[in-house]
Amino acid sequence: MARPLDGMAFLTYVRRLGFSRETQEMLTHIRTSPPSRTPRACKGNMPVWYPSKKMQCIIKAESAKVEFAFLLAAEHDDDILEAWDQPPPIPLEYLDKHGRMLRPMHTADYFVFGRQTCGWVECKPTEELLKQAKTRPNRFVQDEHGIWHCPPGEAFAATYGLTYRVWSSDQINWVAQDNAIYLEDYYQDLECLRVPEETLAILYQIVDDQPGIMLADLRGAAGEISADLINIAIARGDLFVDLGRYRLSEPQRAPVFRQRDMMPATFDLHLKSKGTVPPSPESASCITQEGRELLERARDVDLATAVFRNRVIHPEHYDDDEQVQTAKQRTAVPERTRRYWHQLYREAEIKYGSGFIGLIPHYHNCGGNRKIAPEVIDLIHQVLETHYDTVTQKPKRGAYGEYLKCSEERSLGPVSQWTFYLESQRHKALYEQTLLRQGARAAYPSKDHTREPEKTINRHGNYAWGLAHIDHTQLDLLLCDSRTGQVLGKCWLTLLILASPRRIAAFYLTFDPPSYRSCMMMLRLCVKRHGRLPSALVVDGGSEFASVYFEQLLALYRVRKQQRPAHEPRFGSPQERLFGSMETEFLYHLLGNTQATRQPRLTTRATDPRRQAVWTLPKLAERVGQWADQEYETLRHPALGMTPREAYDLSIEQDGARKHKEIPYDDTFLKATFPSTRKGTAKVIAGVGVRINHLDYWCEAMRDPTVENTQVQVRYDPFDVSVGYAYIDRKWRQCDCPCTELARCSERELQQLTEELRRRNRITYGREQREITQKPRTAKRP
């Protein structure tokens, strides 16, 4: 499928807008040049690799918030024909705030080809633009209408008849963004999706009888009609929902109409809510704003004191048991005090609108005068900054000794050690203190959480397969060989978890360290088990997730990739918490776990994990599957209020199974998941074949004399080492390897036995990175 401006369409576009020859050459250079840079996860940004249907390629966004929001809006905007990410840099020229001329090279986020105009687009959060306007006032300017401009960018673009636009976060419609992500699975295959005429007739009948019926009620009234068909009708425009105002992920608040013109202009969602009574203006409180602030600051003991005083001066307002119980205490109050409380009550009625507020005591205003001189306090904080807030991590007692020395030099009276410690607690917040002494990783648990000023999109996805996390961890469990009983060491677990229902989609155990092979096998197991892949994958910054093979597989099946920032586990909190739960609830209950090795001096011969290792990789894989499917999924999750299995089934029922996204587990998919060797090619040896991971593979096509002694591309199946593939004569050909040890084994058995065999050979030949070898080398004598 071609892009909108491919071929003669581009020349027609250029002539229609009247661009010059220089502008045409620049536009051609932009369309034919690769992205000038690759987005990185830094400063809390999550880069996104988006499979654009409009562009027929992967378009990258530097942030999952602002840049991706613009990209998603451009994808569904009919006025935008093409959007290219990271176009070639352009020169800017402007004066800084000191009057010096600056001429930097600038790379905009996108270059957009619109129907009427085309030009560069720079996306930035509004908070960042406000900061830039102060530090670089001639770079970013806000006009009287609140629209942001970049004068140097606009000046350069004007020389070519183009535009330069600044797109701020204030322009994002988060409701439309949420709906675009919710319907993304349908938009990608909208040409192939249809709703039967009889089904549409039933839906029209329901909507005509109840105009503005809520989406949740429509699903209930539709009976046997699936949620998928209703979603397809909305995506195709057969049913109308204002996608800019109402979220489909909140079906109880999304009204549905037959057509746009049938929606009343003054439609109010609150009028459709049952039992909702709008607040009456007459019920507004007469208490002033200052009085409300005093009530909010009052403690429980202050309010109790005010109630007692009111019982004393207004006994006629109370007729309960407590009034009888406090009779003796009220009698003991002097008459002069009663008159004073009456006076406070009358003054508060005039000033605050309620006399009760005047009876609240103001104990927080009592005392509080510090007896320490300001010079002494400044010296304490100065010593803490120079001798305590350092990576040396000196104790406070050492800082106090330095304080005593400085106090003597400046002839200041020293405070006690206890007072010094109390003042140190006011010095800095916990996060800032830990950041200076132990670094960013140690301070991360006390770092402020990101709080959005408005409701954006659900960071866990808005349906079951909307978002998933994939990551690796090394299990704290020693495994042994199923044949010899020799300790093989720890294995790695690759886990794929659906973020919204917190359900484990697939897992993969291997002795190999994290690599793109583990990722490919994880996706293969997910398709084998569920018949589909998630719409988006959240990964970390590991090199295995940047592999060409991994990204090619995601692009082939249109899976969006999001990379979380480094050293920020909160962006992958469902995955990280599941790893912790797996350790405490499962691994630490198995014989051979390595908890004892955390304190090696306390480890004895009886508690040594290497002597207790009894689990093999096949047995562990079976037990992990049992824990994931039968134990973890049936436990109530505190974040969901239900079990992960119930949350998954509920989402499939309400949001649709989306069966058109199913991926057949066939030869085409399997070959797309086959990894290659580190070299990528192998030499065809006459009479032997190709050697893949030190195993010889042969096929009849290798008898061709023109193929012998040439390098060919090779791939292999990590689940079955008896089969390999070689690219000969423009075709992938299956090659066989006689391996009697793995004969007549199922795919699952082949996977586990292959892992054990690879690990066993590494230990035997003393090379950690050695692959399986068919003919072990003879050890040389020293």
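Expressed as a rounded percentage, what relative contact order does the chain have, with Cα pairs under 8 Å and six or more residues apart?
On the way: 1110 pairs, mean separation 65.0, N = 782.
About 8 percent, as a whole number.
Normalised radius of gyration for region 53-148, please: alpha carbon Rg relative to 2.2 N^0.38 Å, two decimal places.
For region 53-148, the normalised Cα radius of gyration comes out at 1.20.
What ranking of Met105, Met26, Met262 comes out by heavy-atom accessible area, probe 1.4 Å, highest first?
Met105, Met262, Met26
Rank these by accessible area, largest first, 1.4 Å probe: His472, His449.
Of His472, His449, the descending order of accessible area is His449, His472.
Quantify, in whole percent, the carbon and sulfur part of the accessible surface of the chain (1.4 Å probe; protein heavy atoms only).
Values: 21270 of 42090 Å².
Roughly 51 percent of what the probe reaches on the chain is carbon or sulfur.
What is the ratio of the Cα radius of gyration of region 628-745 to 2.2 N^0.38 Å, with N the residue count, to two decimals?
My calculation over the Cα atoms of region 628-745 gives 1.62.
Quick check on region 102-174: what does the Kirkwood estimate of hydrodynamic radius come out to from the alpha carbon pairs, in Å? Don't skip to the end; give the middle numbers.
Values: mean 1/r = 0.0774 Å⁻¹.
Radius from the Kirkwood sum: 12.9 Å.
Can you list the lysines whose alpha carbon sits under 26 Å from that of Lys43, skipping same-chain ones fewer than 8 residues off?
Counting by Cα, and skipping residues close in sequence, Lys43 has these lysines nearby: Lys60, Lys65, Lys97, Lys124, Lys131, Lys134, Lys428, Lys447, Lys455, Lys561.
Calculate the spin-label point distance for Leu430 paired with Asp209, positioning each point 7 Å from the Cα along the beta-carbon direction, and give it in nanometres.
My value for the distance between the label points is 5.8 nm.
Which of the following values of Rg and Dmax of the Cα atoms in Å was calculated from the structure shown: [x] 28.9, 96; [y] 34.7, 120; [z] 30.3, 107?
Answer label, from the structure shown: [y].
Quick one: check the C-alpha center-to-center distance for region 624-688 versus region 16-64, whole angstrom.
Here the answer is 31 Å between Cα centres.
Want the number for Arg529 to Arg292: 0.36 nm per residue separation, take away the alpha-carbon distance, what's left? Write out the running numbers ahead of the final one.
Details: separation 237, 0.36 × 237 = 85.32 nm, distance 5.87 nm.
So the extension gain works out to 79.4 nm.
Given 0.36 nm per residue, what is the gain on full extension from Thr38 to Glu322 after removing their alpha carbon distance, in nm? Present the calculation step by step, with values, prior to reporting the outcome.
On the way: separation 284, 0.36 × 284 = 102.24 nm, distance 7.23 nm.
The Thr38-Glu322 span can extend by a further 95.0 nm.
Enumerate the amide H contacts of Ala254 below 5 Å, restricted to partners 5 or more residues apart or on another chain; note that Pro and chain-start residues carry no placed amide H.
Close amide H contacts, sequence-distant or interchain: Leu215, Ala216.
Sum -39500 (n - 2.57) across every DSSP H segment of at least 4 residues in the chain, then divide by the residue count to get the 222 nm mean residue ellipticity, nearest 500.
-10500 deg cm²/dmol
First measure r as the distance between the Cβ atoms of Thr392 and Lys679, then evaluate 1/(1 + (r/R0)^6) with R0 = 56 Å and state the FRET efficiency to the nearest 0.05. Numbers along the way, then the final one.
On the way: r = 48 Å, r/R0 = 0.85.
FRET efficiency, Thr392 to Lys679: 0.70.
If the only charges are +1 at each Lys and Arg Cβ and -1 at each Asp and Glu Cβ, what is the size of the charge dipole of region 373-475 around the Cα centre, to the nearest 20 debye?
About 340 debye.
Which of the listed residues, His449, Thr23, Thr117, is farthest toward the dipole's positive end in the chain, when Lys, Arg count +1 and Asp, Glu count -1 at the beta-carbon?
Value computed over the given set: His449.
Mind giving me the nanometre distance, one decimal, between the label points for Gln595 and Asp608, set 7 Å out from Cα along Cα→Cβ?
Result for the modelled spin labels: 2.1 nm.
If I model a spin label at Ala566 and Arg100 as a point 7 Å from the Cα along the Cα→Cβ vector, what separation in nanometres do I get?
Reported label-point gap for Ala566 and Arg100 is 3.0 nm.
Near Lys679, which lysines are there with a Cα under 19 Å away, not counting those fewer than 8 places off in the same chain?
The qualifying lysines are Lys671.
What FRET efficiency, computed as 1/(1 + (r/R0)^6) with R0 = 30 Å and r the Cβ-Cβ distance, is obtained for Arg16 and Asp143, rounded to the nearest 0.05?
After rounding, the FRET efficiency stands at 0.50.
Given the Cα-Cα distance of Thr159 and Leu190 and 0.36 nm per residue of separation, how much length would full extension add, in nm?
Between Thr159 and Leu190, full extension yields an extra 7.1 nm.
Using Cα positions and a limit of under 12 Å, work out the aspartates and glutamates in reach of Lys659, with same-chain residues fewer than 8 apart set aside.
Asp185, Asp189, Asp228
Calculate, for Thr710 and Gln734, the FRET efficiency according to 1/(1 + (r/R0)^6) with r their C-beta to C-beta distance and R0 25 Å; round to the nearest 0.05. Could the numbers behind the result be given before it?
On the way: r = 19 Å, r/R0 = 0.74.
The computed FRET efficiency comes out at 0.85.
Using a cut-off of 15 Å between beta-carbons, work out the net charge of the residues near Arg502 (Lys and Arg +1, Asp and Glu -1, Arg502 not included).
The answer is -3.
The values are calculated or read from the model by the stated rules, or taken from the named source; none is laboratory data. From a predicted model like this one, the values you see are computed outputs, not experimental measurements. So basically every Cβ, Gly included, is an ideal-geometry build from the backbone, and we count neighbours across all protein chains shown. These accessible areas exclude ligands, DNA and RNA; they are computed on the full protein's heavy atoms, side chains included. Shrake-Rupley method; radii C 1.70, N 1.55, O 1.52, S 1.80 Å.
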